[in-house]
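Visitor: The structure is given below, and queries will be raised subsequently.
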Amino acid sequence: MTNLAPKLTHEQYENNFAELKPAFTKNQATVEANRCLYCFDSPCMKVCPTHIDISTFIKKIATENVKGSAKTILESNWIALTCAKACPVDVLCEGACVYNERGEKPIEIGRLQRYAIDWYFEHGMPKLFTPAPKNGKSVGIIGGGPAGLSCAAECALLGFDVTIYEAKENAGGLDLWGIAPYKVTREDALNEVKLVESFGVKIKTNTQIGKDISITELEKKHDAIFIGVGLSKNVDLKIPGEELKGVVHALEFIEKVTTRKWSSVDLGKHVAVIGAGNTAIDAATEAKRLGANEVAIIYRRSENEMPAYDFEFELAKKDGVVFLFQTAPTKIIGNNGFVESMECLKMKLSEPDESGRRKPEPIPNSEFTIPVDMVIKSVGYEVNDHFISQIQNLKLTKGNISVNSETMQTSNPKYFAGGDCTSGGREVVNAAAEGKRAARGIEKMIFNR
């Protein structure tokens, strides 16, 4: 990249990436907790994928039993701090709050959950849970992301010997590497890893299945295996010019930003982000906050079909990100091997496709060129099948691992799976719920309980 954006001062970077929602003080948490009506039917609890007993944990904050509040939360969700900060609460728990029907501000459930879990970690993770006696069986977890961590914690408490196999140098998955630092910090994600380790879970990092340990070895060593590998394979645009310097994938870009080594991140002055999901918008807002002069989201459908949440959309607009809807890139143009511009085509929308969104079709002779010196691709992710194909009788559906939705067991009875590799990409809280469900499925399979 030859046209780098100017570097900011360290103070400017820290200000730009400060947390979106600061932590509650004790008084603020108590006041907010006392607003809760403690609904008998708890609609907030019903919509939460992990079904945290929200009324109970809030009541405990109101009565200054913060330790008890943390226990109530963790009983349902082992990734509770990340979920408190990164969940789309306006769509899930807070969106279901009865105050919405009154036209009043919903209870800030996410910030109250954060208050309780922050307290728990700040007080040295006091012992809240005692693992069951060892049952003589072992479980191998492929992938140390939210689904894998959740399954590992639950299995350990059920009495299993548990080992996580993580390809990177740290466990944490997307919680650690793929969420914007103004939402979740690395310390948050690493604290959750420490919590899981505190139950006796062993974590082997820098360990790739199929390379550092074979599928055969894994199957001999463990009575059950959980797959929580996420979607680590990037989908390309399949247009000319993708090989140019300055063209990167969104998760690669976000991963560099999460390390908080701001000045080491290469950034163009004029950035185009292809795609309009939550990851694309994270990349766009990060590029703007790092100091790019112009950042544009290029999306082939309209605003109505955009998969990103409204909150993310509004945040990007406030940061000055420009949205070019019904626009598709057709060619990335370079000079001396570096990105210089991008050719685009205007699109029109026809009948809905399989996703339920209207299908984009090109408008003839509508080509135009925009100057860009960096292109960030975020058009989808797939299961990396470098070892999946080695597992016998493992059925895939549309590229994702097929599972029984109640037990998370795959077509190979020894294997269970959860998270994005089964769903095609959902929220951290969904992965947490599925990992926990899989642990119960493993117990049922082995002990027929």
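The values are calculated or read from the model by the stated rules, or taken from the named source; none is laboratory data. This is a predicted model, so every value here is computed, not measured. For neighbour counting, all protein chains shown are included, and Cβ atoms are generated from backbone atoms with ideal geometry for every residue, glycine included.
Visitor: For THR285, indicate whether it is loosely packed, with under 15 Cβ neighbours inside 10 Å, closer than 26 Å to LEU190 by Cα and in contact (Cβ under 8 Å) with a residue 12 or more places away in the chain. Spell out the reasoning first.
Guide: On the way: loosely packed, with under 15 Cβ neighbours inside 10 Å: no; closer than 26 Å to LEU190 by Cα: yes; in contact (Cβ under 8 Å) with a residue 12 or more places away in the chain: yes.
Judged against the criteria, THR285 is not a match.
Visitor: Next question, about the same structure. Out of everything in the stretch 19-40 that is within 29 Å of the chain's Cα centre (by Cα) and at pLDDT below 95, what residue ends up being farthest from PRO106 (Cα to Cα)? Reasoning before the result, please.
Guide: First, the residues of the stretch 19-40 that are within 29 Å of the chain's Cα centre (by Cα): 19-26, 28-29, 32-33, 36.
Pick out the ones that are also at pLDDT below 95 and you get 19-22.
On the way: GLU19: 21, LEU20: 18, LYS21: 15, PRO22: 17 Å.
Here the residue is GLU19.
Visitor: Please work out which residue is modelled with the lowest pLDDT, limiting yourself to the stretch 293-332 and to residues that are of a type in the set (Phe, Trp, Tyr) and assigned to a helix (DSSP H, G or I).
Guide: PHE311
Visitor: When you scan the stretch 168-186, do you find a residue that is of a type in the set (S, T, N, Q) and farther than 22 Å from LEU231 by Cβ, even just one?
Guide: yes
Visitor: For THR369, only one of the following conditions fails: (1) under 30 Å from ALA292 (Cβ atoms); (2) not assigned by TED's automatic domain parsing to the domain that holds MET306. What is its number?
Guide: (2)
Conditions tested, residue by residue: (1) among the β-branched types (Val, Ile, Thr); (2) under 18 Å from the mean Cα position of the chain (by Cα); (3) within 30 Å of ALA280 (Cβ to Cβ).
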position: LYS127; (1), (2), (3): no, no, no
position: GLU169; (1), (2), (3): no, no, yes
position: LEU174; (1), (2), (3): no, yes, yes
position: LYS183; (1), (2), (3): no, yes, yes
position: THR207; (1), (2), (3): yes, no, no
position: LYS211; (1), (2), (3): no, no, no
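Per-residue answers, yes or no, for (1) of a type outside the set (S, T, N, Q); (2) buried (at least 17 other Cβ atoms within 10 Å of the Cβ):
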site: GLU19; (1), (2): yes, no
site: ASN27; (1), (2): no, no
site: GLU64; (1), (2): yes, no
site: CYS83; (1), (2): yes, yes
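Visitor: Still on this structure, I have one more. Output yes when any residue across the stretch 30-43 is within 28 Å of SER198 (Cα to Cα) and touching a helix residue (DSSP H, G or I) at 6+ places or on another chain (Cβ under 8 Å), and no when none is.
Guide: There is no residue in the stretch 30-43 that is within 28 Å of SER198 (Cα to Cα) and touching a helix residue (DSSP H, G or I) at 6+ places or on another chain (Cβ under 8 Å).
Visitor: OK, next. Taking strands (runs of 3 or more DSSP E) that do not extend beyond the stretch 333-449, which have at least 3 residues that are surrounded by 14 or more Cβ atoms within 10 Å (Cβ to Cβ)?
Guide: Because the criterion is at least 3 residues that are surrounded by 14 or more Cβ atoms within 10 Å (Cβ to Cβ), the strands (runs of 3 or more DSSP E) in the stretch 333-449 that meet it are 338-352, 358-362, 374-377, 415-417.
Visitor: Go through the stretch 29-68 and give me each residue that's of a type in the set (Asp, Glu) and within 15 Å of TYR99 (Cβ to Cβ).
Guide: Across the stretch 29-68, the qualifying residues are GLU32, ASP41.
Visitor: Select from the stretch 1-57 the residues that are among the small types (Gly, Ala, Ser) and in a helix (DSSP H, G or I) and write down the one among them that is nearest to SER264 (Cα to Cα).
Guide: ALA29
Visitor: Condition (residue is out of contact with any Ser or Thr (no Cβ under 7 Å at 6 or more places or on another chain), part of a loop (DSSP other than H, G, I, E, B) and among the hydrophobic types (A, V, I, L, M, F, W, C)) applied to the stretch 237-244: is it met by at least one residue?
Guide: yes
Visitor: Additional query: Does ILE109 meet the test of being in the same structural domain as SER76 (by TED's automatic domain parsing), closer than 15 Å to PRO43 by Cα and in contact with a helix residue (DSSP H, G or I) (Cβ under 8 Å, 6 or more places away or on another chain)?
Guide: yes
Visitor: Anything in the stretch 353-382 that is touching a Leu at 6+ places or on another chain (Cβ under 7 Å), closer than 30 Å to LEU267 by Cβ and modelled with pLDDT under 95? List them, or say none.
Guide: PRO360, VAL379, TYR381, GLU382, listed by residue number.
Visitor: Which ones in the stretch 383-419 are modelled with pLDDT of 95 or more and of a type in the set (Asp, Glu)?
Guide: GLU406 - this is the single residue of the stretch 383-419 that is modelled with pLDDT of 95 or more and of a type in the set (Asp, Glu).
Visitor: Among the residues of the stretch 134-190, which ones are under 13 Å from GLY200 (Cβ atoms) and of a type in the set (Phe, Trp, Tyr)?
Guide: Within the stretch 134-190, PHE160 is the sole residue that qualifies.
Visitor: Is it the case that the stretch 41-49 has a residue that's modelled with pLDDT under 95 and not assigned by TED's automatic domain parsing to the domain that holds SER423?
Guide: yes
Visitor: Quick one: how many residues across the stretch 268-287 are polar (S, T, N, Q) and farther than 17 Å from LEU8 by Cβ?
Guide: Selection size over the stretch 268-287: 2.
Visitor: Moving to a separate point now. Could you go through the stretch 165-185 and let me know if any residue there is part of a helix (DSSP H, G or I), free of Cβ contacts under 8 Å to residues at least 12 places away in the same chain and closer than 20 Å to ALA84 by Cα. Talk me through it step by step, then tell me what you get.
Guide: First pass over the stretch 165-185, keeping only residues part of a helix (DSSP H, G or I): 174-177.
Next, from what is left, pick out any that are free of Cβ contacts under 8 Å to residues at least 12 places away in the same chain: none.
No, the conditions are met nowhere in the stretch 165-185.
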